[in-house]
Every structure is written in structure tokens, then in C-alpha cells.
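Contents: one structure, followed by commentary.
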Amino acid sequence: MGAQYEVRGNVAVLTLDNPPVNGLGFDTRVQLAQGVERAVADAAVEAIVVTGAGKAFSGGADIKEFGSPKSIAEPNLLSLIKLLEDCPKPVVAAVHSVCMGGGLELALGAHYRVAAPGTNVALPEVKIGLIPGAGGTQRLPRVLGVETALNMIVSGEPVKSEVLASLPGQKLFDKIIEGNVLDGAIAFAAEVAAKPGPHPRVRDFKVSHRDADAYFGFARNMVKGMAKNFPAPVKCVDAVEACLKKKFDDGMLYERETFLALMLTPECKALRHAFFGERAASKIPDVPEDTPQRKIEKVAVIGAGTMGGGIAMNFLNAGLPVVMLEMKQEALDRGVATIRKNYDAQVKKGKLKQDKLDARMALLSTTLNYADIASADLVIEAVFEEMGVKEKVFKTLDEVMKPGAILASNTSTLDVNAIAAFTKRPQDVVGMHFFSPANVMKLLEVVRGEKTAKDVLATVMTIAKKIRKTAVVSGVCDGFIGNRMIEQYSRQAGFLLEEGCTPAQVDKAVEKFGFAMGPFRMGDLAGNDIGWAIRKRRYVEKPHMRYSKTADLLCELGRYGQKTGAGWYDYVPGKRDAIPSKLVEEMIEKHRAEIGVQPRKISDDEIVHRLVYSLVNEAAKILEEGIASKASDIDMVYLTGYGFPLFRGGPMCYADSQGLFNVVQTMKKFAANPHDDASFWQPAPLLAKLAAESKSFT
Ligand code: NAI
């Protein structure tokens, strides 16, 4: 695999061939360079066409080689582009389907570009914390103008070839080819071969802007405001400005230096970690990628409440028919009305077209009768969180569902093995733990029971992709990955109140660190009664585990959060603004006095590290127990389900960035605090071992 060479008439055709998207890996680069040399040496060849086999022209760098010495070995992308640009025979890039990143930069090195309509054209490097590094910032403005190019580079979003080709004055595409793009490109190449040289090089094109200083000042301010904690978007502006203000070679040098400097930033490392973590999450160590999968063409959802409705929407959005089953018609009617209301809101916001809404609703049917769901390929249970209710449902499913149907539970706390044991087909039972609102949140924890079959897991991971979720496999334990960790985080938040913090002080510190929401605002949003119910259970199951009583006292006042109009904060009816509550502060002070704690001033640094390292220590246990198979899975759970700041890459990536030795030292300090839980702060054995060996989680 690399690049193919053939001659058609007087045109040499070089076809990138490195599935799935013709990534510009080492072998491909070598073979492309050899192809160019061969074509130059062949007197019968008068022009060269570069194209891509299969589903893409090229998606850019080969992610399999990312960061390895091979990725920069010669011929690197820059030398390859120079080879095309300096080629004495005209080079035509024939792009189609996908032309992104290094793929687009390569095409910009050709003398001419022709495109199939519908080609996705993008420079998406900013999404992994970089700027384009092979001339994209210096050549794209020369063919599309400064403003269009900068928009594309800063957003990283794809634009269709025909849209770009219709822009006045654009020089990106010489021709849009309807029909077979290669045939069209060969004909075009034969035409240009007849023209006298030299053939146009993008590096020689003029670039200008009527009011450059004002424009770049404005762009920089806009981008700074939006980019917040990420340095790359502002660097994109700087690099495009360099294109305008520097000579081409100086601009290239500036781009290269900026690219290399960004590569070393923690934000870039975090984004790359998340990018690869997402891909890695779908791979399960003992489930081969070619595991045969079950067909999922029809889905049933049991329970049309908060979760059931959202879960159903995911499948409707993906074009799969869904039957919802409930105990009473009123519950079904309510569930369907909520789904419709959610879709209507999307139509109002212009995010969904009315005909799409109608098509999705047409895929939804309802029933009170199990016989109507018997033929479903996948059934997801989202009924009350009580083992007795789950038992009834799963025993019935076992009786009625067709053989081979996947039986999934959305339970958030119950034992999936026990649920599977209610059936005579535990191999078909799996947990599918969605997060609320289920139609919005990206995260799906796939809970693997002791007996869950490999093909069931493989099928669920595929269907998760189809409904655009980030699926992470978790073993069975209380709270699975995410909620088991958040319990320790909540415990620490409670201790911080006892020791001297206010809820607002804790939330502010955590939000400054980058979390979408601090623990107390989060509690008010989700409902403080949920944690209360869990703690009541814990007081019986784990009498030695200490919890701050503050959250219980709050619930005893009926302050469950936004839904009761008051929680850790006060709320004005109809609004979501959290207003610090005098009453809650007095409640906390009274409690401190009762337990004899003298309040002290606690720094933001201590707040953040007690909360984040509580996640890390529990996560290390989760890893060691094999509940999660890799550290990046834990990070994906926190990035996609719990609002952990993306620019920090997740709790494990963050701990690594601090150095595990330092993490352990800090935990030891926390353990010495008489008001904290010293036993919890004993570093998990895996963490202690990695720290002692100077290793990291990721
Ligand atoms: P809910 O109370 O809003 O909805 C439950 C629905 O199930 C109700 O409409 C009820 O009529 C129906 N139901 C109860 N027993 C039934 C039966 N035997 N047959 C058919 N329908 C029945 O509850 P919610 O919040 O939707 O939770 C459902 C499940 O999802 C629970 O297991 C919960 O732990 C889990 N979960 C909830 C999350 C949340 O944030 N609410 C998040 C993740 C999981």
C-alpha cells in the first residue's frame, strides 16, 4: 500500500492508496515521490495527475504514524509538496470525497486542481491544537483570499468543493468535474500539457487585503474570545497575517516554527490525547475488530420517562424504527409529547427541518403490549431504578424476545450481572448507561456483564457510533466508571464546606480550572435528592465511610435544587442563575460549630486538587481492578459526560501532566488533614507504583 503508478496516453496517473483515507504515511510519500521522478524521466509523459483511491483524495497525515519518527522521515510532506511544485511537467491534483489537512496542502502544491462536486475540503489541524504545518496557512489565502482562508483554518470545518469553486476570484479549483473525476482530470491534464510552461505555482500568487490591520485586529479579538484556553486558533490568525505581510519563504518558516511550538503545549497534547482516546475507546482488548456482529434494524425502549424518551430520540435521529413500551397509555402519551416538543424546539432554532421531524416521528410507534416488541433486535430498558421492577421486566423480555435479541439495561446503579441472571440468556444482556439528557450527552457507558457475549459488545459499540455516542466499556461495579469516581469528588466537596469554603467559592475555583460547572451548581441542576438516596444506602452498606452531613441537611430542608426552586443556591422562578444563599451559609456555619471545626481559609489550588485528585485516586483503583481497560477510557468518560475541561485532557492526562510523583506527594499532604479522610488519600497501589517508577497513566 502506498501509491500506484500508471500511464494513460501522455498522462501519468499517481494514485494515493493507503486505506481508509489515503493518509500520507511514509510508504505513501516514498512511492508518490518515486512516481513523480518516474513520470519526469519518461519522455512519453507530458503531465501528471495525482489522485486518491477509494473513499478519499487524502485525509492528511497518517494517524497511525502520528508522533513517530516515520511521520517526519524524508520525503516529508514539505519536500513532497516542493517536488510537485518544482516539477517541470504540469501536475494536476484530482480531488474527490475527502481533501483535508495534509491532503489539501499536497493539492496546493500542484499546478492545477480539479475537483468532484461534494468534496469535503478542510484544514482541520486546529481541532487537535495545531495550525496547518505544510504550507496550508501560506497557500490557502493565496487561492481563496485572506478572509475565507482564515475562516476555514480557524474553524477547521469542511466546506464543499462546489461552494468554494463558486466564490468570486477563487483560484483553488480550476474546474469542477461532473462525472468521472479521473477521466476529467486526465483530459484537463492533456490540455494544460499543450500550454507552454512555466505552470502556475500557488507560492507565486499575489495575496492582499484592503484593510489588513483593522481586519486582523478584529479577527484576533474575535478568535481570542472564542478560543478561551486554546492557543492554536489565535496562532492561525498570526500565521495567516504572516502570509500577507511576509515573503513566502519567511511565512513558511513562521508557520513551521509556530506548528512545532504548538506541538509541545499541554493543550495540544490534551487534544491529541482526546482525539486518539476517542478512537481507542471503541477497541476492546479481547474483542477482535472482525468479531461478527448482530443486525440491529429495529429497537424497542421500555419506559417512556426522562431517559426512555431521550434514548428513543437517538435511534430515530439515526433513522432506526423505535417502539416504546409503557405500563399506561398516559405515560406513553407524555413520552411522545416530550419527544415531539424537543424536536419542535430544534425546528424553531433552525437546527432541524420540518420534513425531517415528520420522518423521525413516523419511525416511532408505541405499545402497552410486549408482543409488539418481540421482533426487535435491541431492547433498552429504562424503567424505575428498583431491582424488583427490573426483575419483572427482564423475566418478561426473556420469555417474549426473539432469540439473539440484545437485552440492554440503562440502570445507573444496579448490578448488571444480577439483572442478566433474571434471564436464561445472560450472554445477550448488557448495560447501556446513557447520560441525561440522553439525546444530547455524548457519553455512553457500555457495561460488560460477566457473561456478556463478545458479539453483543461489538454490536453495541457499532450501534453507539451510529447514534453518535462516545462509547466506553466499563466492568460491573457500583457506579461504573463515571459515577463511582464522582462519589469521591462529591465527598471532598462536602468536606471543603465543613472546613471553611462556601459552595460558591468551591464552584468558582473549579470553574476557573475549566470545568463546565462546579459540584454544587451541578448538584442543583441534577437534583440533590439523587445523591441523598445513594448516601442513605451507603450509610447501611459502608458504615465506616465518612460523608459530610451538609448535603443531607440541605435535602432535609427540601432544597433539592433547581426543580424545587432552591438548593445550594437560591433561584428566581423561571431563571437558572445561581444566587448564593444566606440560609445555606448559615446552615453550614451551624453545622461546623456542632462538629467543632474552626473554619480556615482554603486556597483555590487546594480546592481544585482535592477534587481532581479524588477522581484520579479512585480512577487508579478502577484501572487496577480492570473495570476500565485503559486510562484514556476514563478520560473519555470525564470529557464527554462530566464537563472535565478538554484542554486538560481528562483527569488521568492532567495527573500525568503534573507528574505522578507530585500527585502522590500532594495526596500525602491531604491525608494529614484531620478533617479529611486519611484512608482515602492513601495512593492507590497502581498510582503509587507508577509514581515510584516515574511512569504515567497514559
Ligand atoms: P422516570 O421515572 O423518568 O421514567 C421511568 C419510566 O418507566 C416511567 O415512565 C414509568 O412509567 C416506566 N415504567 C416503570 N415500570 C415499568 C414497567 N414495568 N414497564 C414499563 N414501563 C415502566 O425514570 P428515568 O429517570 O427515566 O430513569 C430510568 C432508568 O434510567 C433508571 O434505571 C435510572 O437509574 C436510569 N438513569 C437515569 C438517569 C437520569 O439522569 N434520570 C441517568 C442515567 C440512567
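A compact table of results
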| quantity | calculated |
| --- | --- |
| All strands (runs of 3 or more DSSP E) inside segment 270-367 with 3 or more residues being on the phi < 0 side of the Ramachandran plot and buried (at least 20 other Cβ atoms within 10 Å of the Cβ) | 299-302, 322-325 |
| Qualifying positions in segment 218-267 - buried (at least 16 other Cβ atoms within 10 Å of the Cβ), among the small types (Gly, Ala, Ser) and farther than 28 Å from residue 68 by Cα | 219, 227, 242 |
| Residue count for segment 544-575, restricted to those that are in a loop (DSSP other than H, G, I, E, B), in contact (Cβ under 8 Å) with a residue 40 or more places away in the chain and within 32 Å of the chain's Cα centre (by Cα) | 2 |
| Check on residue 344, of a type in the set (Asp, Glu), within 16 Å of the ligand (Cβ to nearest atom) and assigned by TED's automatic domain parsing to the domain that holds residue 381 | no |
| Filtered residue count, segment 368-389, keeping only those that are surrounded by 14 or more Cβ atoms within 10 Å (Cβ to Cβ) and assigned to a loop (DSSP other than H, G, I, E, B) | 7 |
| Candidate set from segment 506-563 (those that are β-branched (Val, Ile, Thr) and away from the ligand (no atom under 16 Å from the Cβ)); member that is nearest to residue 412 (Cα to Cα) | 540 |
| Condition broken by residue 471, with the remaining ones in (1) touching a Leu at 6+ places or on another chain (Cβ under 6 Å); (2) within 26 Å of residue 617 (Cβ to Cβ); (3) assigned to a helix (DSSP H, G or I); (4) among the aliphatic types (A, V, I, L, M) satisfied | (3) |
| Any hit, segment 530-538, residues being touching a residue at least 40 places away in the same chain (Cβ under 8 Å) and either surrounded by fewer than 22 Cβ atoms within 10 Å (Cβ to Cβ) or within 30 Å of residue 430 (Cα to Cα) (or both) | yes |
| Output for segment 410-439, where each listed residue is among the hydrophobic types (A, V, I, L, M, F, W, C) and either away from the ligand (no atom under 11 Å from the Cβ) or at pLDDT 95 or above (or both) | 416, 418, 419, 420, 421, 422, 429, 430, 432, 434, 435, 438 |
| Output for segment 627-671, where each listed residue is under 21 Å from the mean Cα position of the chain (by Cα), outside any helix (DSSP H, G or I) and small (Gly, Ala, Ser) | 628, 629, 643, 649, 650 |
| Looking only at segment 390-409, and only at residues there that are surrounded by 14 or more Cβ atoms within 10 Å (Cβ to Cβ) and near the ligand (Cβ under 8 Å from one of its atoms), the one that is farthest from residue 323 (Cα to Cα) | 390 |
| Matching residues, segment 617-666, being touching a helix residue (DSSP H, G or I) at 6+ places or on another chain (Cβ under 7 Å), basic (Lys, Arg) and surrounded by fewer than 20 Cβ atoms within 10 Å (Cβ to Cβ) | 630 |
| Among the candidates 319, 350, 335, residue that is near the ligand (Cβ under 9 Å from one of its atoms) and in the same structural domain as residue 400 (by TED's automatic domain parsing) | 335 |
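The values are calculated or read from the model by the stated rules, or taken from the named source; none is laboratory data. Model, not experiment: these values are computed from the prediction. A quick note on method: Cβ atoms are made from the backbone with ideal geometry, for glycine too, and the neighbour counts reach across all protein chains shown.
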